[in-house]
Amino acid sequence: MKRSPMTARGAELLRTELKRLKSEDRPRVIKAIAEARAHGDLSENAEYHAAREQQGFIEGRIMEIESRLGAAEIIDVTQLTPGARVVFGATVSIEDQDDGSKVSYQIVGEDEADIRAGRISYSSPIARALIAKSVGDVVDVVTPGKTRSYEITSVQYL
């Protein structure tokens with residue numbers, strides 16, 4: 001089984017979602033199915049079909065989360081040895097060499113990526129370009145529009 005990296009924060013978020021799905025959402029939809037069955041003819045019972053569809057979604061998501069957690073290699077960013085090199089879990093500040101704009105990204109697992117929150121997947125083009133580089137290095141990132149150059153201004157392990 002292929003292991004995929006995940007931060008401790010990301011694993012905790014998945015565990016929380018799994019707990020909610022099992023303890024709240026699953027019982028709620030089972031109750032809704034039972035109530036819809038009580039209404040009689042199931043062939044034309046929209047409530048029943050909607051509840052069954054929701055149950056399928058919940059069960060699928062539970063299986064997906066359990067699989068992802070089972071294959072996860074959980075990395076606690078706070079336990080990493082601080083260094084100048086960019087590694088999984090590091091928060092990297094970069095400066096665009098063309099326009100001087102600055103931005104920071106934390107390199108995280110695929111399930112945790114959220115560009116609006118400043119978290120990018122380790123498999124994204126920018127993260128692949130940054131990993132193993134150091135403060136002061138300039139990296140080239142191939143984007144759909146053009147190749148962009150960024151200078152690494154800081155590396156932190158938060």
Exercise for review: Give me a count of the residues in the range 104-141 that are among the aliphatic types (A, V, I, L, M) and out of contact with any strand residue (DSSP E or B) (no Cβ under 8 Å at 6 or more places or on another chain).
Suggested key: 2
Exercise for review: Quick one: in the range 53-80, of everything that is in contact (Cβ under 8 Å) with a residue 60 or more places away in the chain and of a type outside the set (A, V, I, L, M, F, W, C), which residue is surrounded by the most Cβ atoms within 10 Å (Cβ to Cβ)?
Suggested key: 68
**Study point:** the range 1-43, subset aliphatic (A, V, I, L, M) and not in a helix (DSSP H, G or I), residue modelled with the lowest pLDDT
**Key:** 1
Study note, to complete from the structure: Note on the range 1-25: residues touching an Asp or Glu at 6+ places or on another chain (Cβ under 8 Å) and of a type outside the set (Gly, Ala, Ser) are 3, 5, 6, 7, 9, 13, 14, 18
Study note, to complete from the structure: Restricting attention to the range 101-117, the residues that are free of Cβ contacts under 8 Å to residues at least 24 places away in the same chain and either part of a loop (DSSP other than H, G, I, E, B) or more than 28 Å from residue 74 (Cβ to Cβ) (or both) number exactly 2
Check your understanding: For the range 58-92, what are the residues that are modelled with pLDDT of 95 or more and farther than 19 Å from residue 2 by Cα?
Key -> 58, 59, 60, 61, 62
Exercise for review: Given the conditions (1) more than 24 Å from residue 121 (Cβ to Cβ); (2) touching a strand residue (DSSP E or B) at 6+ places or on another chain (Cβ under 6 Å), report the number of the one that residue 58 does not fulfil.
Suggested key: (2)
Exercise for review: Residue by residue through the range 1-39, note down the ones that are aliphatic (A, V, I, L, M) and under 19 Å from residue 61 (Cα atoms).
Suggested key: 6, 11, 13, 14, 18, 21, 29, 30, 32, 33
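The values are calculated or read from the model by the stated rules, or taken from the named source; none is laboratory data. Note that the structure is a prediction, hence the values are computed from the model and not measured. Please note: Cβ atoms are built from the backbone with ideal geometry, for glycine as well, and neighbour counts cover all protein chains shown.
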